[in-house]
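Rule-based calculations on the coordinates, nothing more; no lab input. Being a predicted model, the structure only gives us computed values, none of them experimental. A quick note on method: Cβ atoms are made from the backbone with ideal geometry, for glycine too, and the neighbour counts reach across all protein chains shown.
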Ligand code: BGC
């Protein structure tokens, strides 16, 4: 065969195989709509495209995913489930209990997921012993993001206690800056509340109140103090906070308008997307009082039952790509999270990523690792939403701290 003929043949084979696989497509419902998040979605879309899998985008904005979950429910009710859905913790379990999710056991066994995905994540990726979701990452929510130049200008070191944290914010405010960048949306209020509960009460209290839903803990003086700290934080937030998206709050820290933001490490995705480097222009440290603990959430792709064999193949190809070590590095560098596998070296990650990976492992070994209430990993969606309502009503001045704690007890009781 001449060289020319060979070339023609391989071109024909290539054309054939591309047509065959181009029919494979995933429709992905997710809430990754900020700049950093969109960049992270891009790495997933490109990885799938390289494997011949098409991408139909179904974005629904709103951190914590409440709005995305409402859209999902409507789609499923209409008999039109997307093939893959970004999902958090207890929601995965709820959908699996309804029998709506596909079984990924064969792929998981072939690729040894049991050995590399940490137990804390498997608790949510599996239902009744079967794999139903592919974890993309581990986020952690008890972080403070800080503008380094502003810290230097104000002569502030990283605070190591609640009192130092408050003093730093007072200094920022006195100098005419916004001390705490925050967006008044229920899930953001809940995200900072999560850290106040851990910071005031410590791990055992967090477990009792947020996970075990013990009414004595929910209505305790410790909980009242957590709400009081929310009032202190409220005092450091600017007047325009209501309804502000989280990434716009991050932008305030990025551009030096604000000193701190308390947010999950998806905020790092925004700094990175703006071309900034951890340890240089910005810093990360644990919310003072929560050191030694990690409150986590893991984005996972739940695969919905579909009957079309091409769609099923595309789902498996996507799940396989998501769990591959190369993708876990590429995606998480951009997303701000850390890998969902325990066998990935940390040396390619920045200072915050390396700290995050080390602290995650340490917390898992020392009983300091807890699911984030605000992000669906401490209790079921019904309870989480009931908590959101009380936390937000209090943050907006509807209740004082003692009333809020009492309301929390009632709301959680009704939601169960
Ligand atoms: C998700 C993150 C996302 C954040 C803000 C969290 O619930 O786990 O992946 O970046 O919400 O949208």
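The angle between the Cα long axis of helix 401-415 and the main principal axis of the chain comes to about 40°, on a 0 to 90 degree scale. Normalising by residue count, region 352-416 has a Cα convex hull of 118 Å³ per residue. The distance between label points at residue 342 and residue 276 comes to 3.4 nm (points 7 Å beyond Cα on the Cα→Cβ vector). Sorted ascending by nearby beta carbons within 10 Å, beginning with the fewest, 290, 47, 126 become 47, 126, 290. Distance between the modelled labels on residue 128 and residue 354, one decimal in nanometres: 4.6 nm (7 Å Cα→Cβ projection).
Report summary: the helix-based calculation at 222 nm, which adds -39500 (n - 2.57) for every DSSP H run with n ≥ 4 and divides by the residues of the chain, gives -16500 deg cm²/dmol.
Semi-axes of the equivalent ellipsoid for region 85-174, computed as √(5λ) from the eigenvalues of its C-alpha gyration tensor and ordered from largest down, come to 44, 14, 10 Å.
Sort 388, 399 so that the residue with the fewest other Cβ atoms within 10 Å of its own Cβ comes first and the one with the most comes last.
399, 388
Report, in degrees rounded to the nearest 10, the 0 to 90 angle that the Cα long axis of helix 35-50 makes with the longest principal axis of the chain. The two axes meet at around 20 degrees. Size descriptor for region 116-234, Kirkwood hydrodynamic radius: 16.9 Å (Cα pairs only, one decimal).
Which order results if 170, 37 are arranged by neighbouring Cβ count within 10 Å, fewest first? Could the numbers behind the result be given before it?
Values: 170 13, 37 23.
In increasing order of surrounding Cβ atoms, one gets 170, 37.
Fully extending the segment from residue 160 to residue 316, taken as 0.36 nm per residue of separation minus the present Cα-Cα distance, adds 51.6 nm. In plain terms, the bigger the Kirkwood radius, the slower the diffusion; for region 256-366, with that radius from Cα pairs, at 10 °C and 1.306 mPa s, Stokes-Einstein puts D at 100 µm²/s. Each residue of region 173-278 gets 112 Å³ once the volume of the Cα convex hull is shared out per residue. Directionally averaged projected area (the chain, Cα convex hull): 22.1 nm². Calculated over region 46-205, the projected area of the Cα convex hull averaged across directions stands at 13.9 nm². Helix 221-234 and the long axis of the chain differ in direction by around 80°, with both axes built from C-alpha atoms.
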